[in-house]
Amino acid sequence: MAKQFLLRRSVFILAFFILAGLIYALGQDLSFPTDIIHLDTAVSQLPRYAVYSLMRMFLAYLLSFFFSIAYGYIAATSPKAEGPMVAFLDVLQSIPILGFFPVAVIFFVSLFNGSRIGVEVASIFLIFTSMSWNMAFSVYESFKTVPSDLVDAAGALGLSGWHCFSKALFPICIPRLIYSSMISWAGGWYFLIAAEIIAIGPVKHELPGLGSFLIHSTENGQVDRTILALLLLVGMIILFNLFVWQPLGVWSEKFRYEFSVSGPPRHSFSLLWYRKILATTQFRALRKLSFFTLSPLKKTITLFQRFGGKMTIIVIKGMGVLCLVAIFYAVSSHLIVFVEGFSKPFPIEIRNIPIAIGASFLRLVVAYILALSWTLPVAYWVGQSPPALKVVTPIAEIGAAIPAPALFPFIILFGIHVMGGMNAAAILLILTGMQWYLLFNLLGGVQNIPADLKEVARSLGLSRWHAFRRLFLPAVFPALITGSITAWGGGWNALIVSEYLIYRHEIHSVTGIGAMLDQAIYESGDAQMILITLLSMILTITLLNRFFWRKLYVYALGHFKIEY
Amino acid sequence: MNFIEVQKVFKFFQQDRVLMPVLKEISFKVHEGEFIALVGPSGCGKSTLLRLLTGLVLPTEGSVLYKGKSLTSVNLDSAMVFQSFALFPWLTVMGNVEVGLEARGLSEEMRHKRAAEFIDKVGLDGFEEAYPRELSGGMKQRVGLARALAVEPKLLCMDEPFSALDPLTSLALREEVLMMWEDHTMAVNTIIMVTHMIEEAVLMADRVLVLSPRPGTFLADIKIDLPRPRDKKDVRVNEISDQIFSLMAR
Amino acid sequence: MKIEPLPQVTASKVIGLLEFLNDQEGKEDIYKLAELVRYEVGELLSVIKMGEMLGFAETPNGDVVLLDLGKKFLKCKMGKRKLLIRERLSKLNLFQSLINFLKTSENGHLNREAILDELSRYLPHEDVECLFKTVVSWGRFAELLGYNPDTEVLYLDEEAFPQEK
């Protein structure tokens, strides 16, 4: 218990330092106005840029963290709000990051009079939009599955308000929250480039960061710099996984409210290492010291808690309401554009939308089949020899986080020059936004195949093909469907970085809804076109989800669920 | 030539970078047509030993000979019945029984016929199109048994087949298995069963092999030549049970 | 005609009870029995009740007694046992009514919903979903009724009702 508390506290201390550092760094540059944010593409700037990007990611993550808990909690606990809130989240999830550009520009940038801080906030907001929805979903779903006996037990123990939340409810959502955080974090990196260059038509704001460095070097065709930045990115991702997500993941296992134990416990060397540090005498001395300095603070906190058990809940709900107000404001600012957009006559390009959607859809189908054709065998292989998981997981985690535009040079070389055509390149890029979700979910599914069923397959002498068809495929089917839903979501979002790209000052694009949106945002800046393409895209995604994927999901749960 | 011969088998499992001994120097022989029960306290490695006999698990040292040949992979002449039933939830009763036949390359017509035959033998006819989720524990284990028997194995291995069932159901199933074994409806006549219930072992088996707590070593090989059907209240059943119990308690 | 619901028990449990009684020389005190087989009394009573409905056991003065038909049943092999149970089940009013109801349909096939409605007509105070499961399970065991879970159709088993088209 004490260890848990300490770990939590150390995370907070770490967060505090990073926050303080960020404020300091921002304070340094606050003096100059935005329009001339100077983007120095010298290699020596890279470390600084990496730190900037990391801080943006971190702040966006922090925001997503609190948002998702507040949103998920409210949606799961208030029956009236539940329906609309979940539906709203569903729609939000289907809006590609570019769809939030108008909000970022109209609201945040202009709110701060075009100053650097406004652009920074806008950027953080954009990263937030690529992180928070799936986290909010996982919190909501965790809260929905809180076993009622646990709530009863908490009630019987006299826990109420904040205590009930922190001791009984919150721990339940930790495992899934951390798992979805990992995916969200990777998603944040994936769209970093889109989030660091904010533009509507001629208005263009570029922030110093790893993302803009990457896009600049590819636009200029400096492959060496792209590779360097990419290596830095991968290094950061690996370190982050090793020292943050992996230990958190292992630590979160103990909050799992399940009795069945499948497989050996997972290990994280850094978690053991943290625990060792926590147990050293020096650290104990430090703890004592901090105890003396912190004890007055702690007393006030407990005092506050005693009085403010309900207060804290109100504060949390307040934060949630605040977020909702912000979103409402954002939507209403959209609405203004919306009304303006429809009061004018429609441009002729609108006729191209159905064809564009069709073309994008076909590309998604091809990418999806490609993704399936390698993720299924890999998942099967991992199922056959579990140690392979140790190799596949880190590769998948890194792969998922590499931003698509960073791969432009290689994919253009490969796609256009080897496979002959921008279409092939676009499909490869879409693949980068789809395949990892599929792989993550399949790996999860394959680990849940009961050991006795695998043993039956072996003992009956099922051939590889029969075991694949009779055991593996049905067993992972529900996971395959969940994975497909997220992969398609990711794929639609990835269209905007796949169908339109700039390499060596040359624009490569294909007919597609993603390219249309890109053109509307980066080239013409026509609010009407932005709106119409965006709406038609959201409509397509939502309809597909509702009438295809959701039905398939219900069917999968009915027929292939393993109950023991 | 012996049907099965276990020669000085050792088994270790890797656990946290430490090799944990599970079985230590086990040797015994199984003759064709025997009904053998493996008993021992929980965690003594009796389930591992059963898997060694079918080739699902290979020994760290020593060897398991089947008809004189050392097992290096799963022995397809053996079939297994699991404590947890281990049925495929997405297949019907018929589908579950057919799975093993499909793997053996039987034509659709043949496997349908054979599956139906064994479904009938275990008393499951009428349930062909049911899914496992519709069945009670007793019916599920009958499917497990039919699936194992349908591949017409030479050796039937049962891992605690009745422990997941309620007392009355397990009693009914135990009697049915004995009845089928005695009048040869099973087509297989060599059975090895793992159990932690001493009385169950004494009531059913020809020989009881007793293992010590972990790491499992061989404690005794007890021949039971009481006439069947055996009576729970028979003094000799009690005597042998007591003897095994005191061996394990030592 | 009074229709009695089926106790929610499985065939295996009833057979287990008969085996147990047979081991105890055919007679046992109910409360002692509950202790011996570690059953909750309510559940044990359901099993006994089913045994009585099938005519295999009797409960005079707080005892359970194995009847001759029960003894005969235990001596039979699987196929014969099923026949015995089919014979007994088809004499129960519940099964008789259901079978007649199925016979009124075109080819002895009726979907689940229709059967549930019919059952709640017979027994308005019963949980018909549960009753349906029990009826299907016993019907299948005795090969009186068949049920296809994919199409949700209950039908007369050809084994017991050969080609009555």
Check: Looking at this structure, is B:ALA86 modelled with pLDDT under 95, touching a strand residue (DSSP E or B) at 6+ places or on another chain (Cβ under 9 Å) and of a type in the set (A, V, I, L, M, F, W, C)?
Finding: yes
Note to self: Looking only at residues that are within 14 Å of chain B (Cβ to nearest Cβ) and hydroxyl-bearing (Ser, Thr, Tyr) in the range A:442-499, which one is nearest to B:SER47 (Cα to Cα)?
What the structure shows: A:SER459
Item checked: Spans of helices (runs of 4 or more DSSP H) in the range A:350-443 with at least 3 residues of a type outside the set (A, V, I, L, M), at pLDDT 80 or above and under 30 Å from A:LEU534 (Cβ atoms) -> A:353-384
Check: Does the range C:18-40 contain any residue that is in a helix (DSSP H, G or I), exposed (fewer than 15 other Cβ atoms within 10 Å of the Cβ) and either at pLDDT 95 or above or within 19 Å of the chain's Cα centre (by Cα) (or both)?
Finding: no
Notebook entry, point to check: Which one of the conditions (1) within 23 Å of the chain's Cα centre (by Cα); (2) closer than 27 Å to A:ILE215 by Cα does A:LEU413 fail to meet, given that it meets all the rest?
Noted result: (1)
Check: If we only count helices (runs of 4 or more DSSP H) wholly inside the range B:45-159, which ones have 1 or more residues that are under 19 Å from the mean Cα position of the chain (by Cα) and more than 14 Å from chain C (Cβ to nearest Cβ)?
Finding: B:46-54, B:93-103, B:137-150
Margin query: Residues that are crowded, with 22+ Cβ neighbours inside 10 Å: list the helices (runs of 4 or more DSSP H) wholly contained in the range A:476-564 that include at least 2 such residues.
Written below: A:513-518, A:527-544
Next item on the list: Give the residue, chosen from B:MET193, B:MET197, that is surrounded by fewer than 18 Cβ atoms within 10 Å (Cβ to Cβ), closer than 28 Å to B:ALA249 by Cβ and of a type in the set (A, V, I, L, M).
Entry: B:MET197
Note to self: Quick check on my filter: what residues within the range C:149-165 are surrounded by fewer than 15 Cβ atoms within 10 Å (Cβ to Cβ) and either within 14 Å of chain B (Cβ to nearest Cβ) or without any contact (Cβ under 8 Å) to a residue 24 or more places away in the chain (or both)?
What the structure shows: C:PRO149, C:ASP150, C:THR151, C:GLU152, C:GLU158, C:PRO162, C:GLN163
Note to self: Out of everything in the range B:147-165 that is of a type outside the set (A, V, I, L, M) and touching a helix residue (DSSP H, G or I) at 6+ places or on another chain (Cβ under 7 Å), what residue ends up being nearest to B:GLU200 (Cα to Cα)?
What the structure shows: B:PHE162
Margin query: Would you confirm whether or not the range B:199-212 contains a residue that is away from chain C (no Cβ under 14 Å) and in contact with a Cys (Cβ under 6 Å, 6 or more places away or on another chain)?
Written below: yes
Notebook entry, point to check: For the range B:167-177, which residues satisfy the criterion of being farther than 15 Å from C:CYS76 by Cα and more than 7 Å from chain C (Cβ to nearest Cβ)?
Noted result: B:SER170, B:ARG174
Margin query: Restricting to the range C:98-138, and then to whatever is aromatic (Phe, Trp, Tyr) and in contact (Cβ under 8 Å) with a residue 40 or more places away in the chain, can you tell me which residue is nearest to the other protein chains (Cβ to nearest Cβ)?
Written below: C:TRP138
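The values are calculated or read from the model by the stated rules, or taken from the named source; none is laboratory data. Predicted, not measured: the structure shown is a model, and the values here were computed from it. Here Cβ is always computed from backbone atoms with ideal geometry, including for glycine, and neighbour counts include all displayed protein chains.
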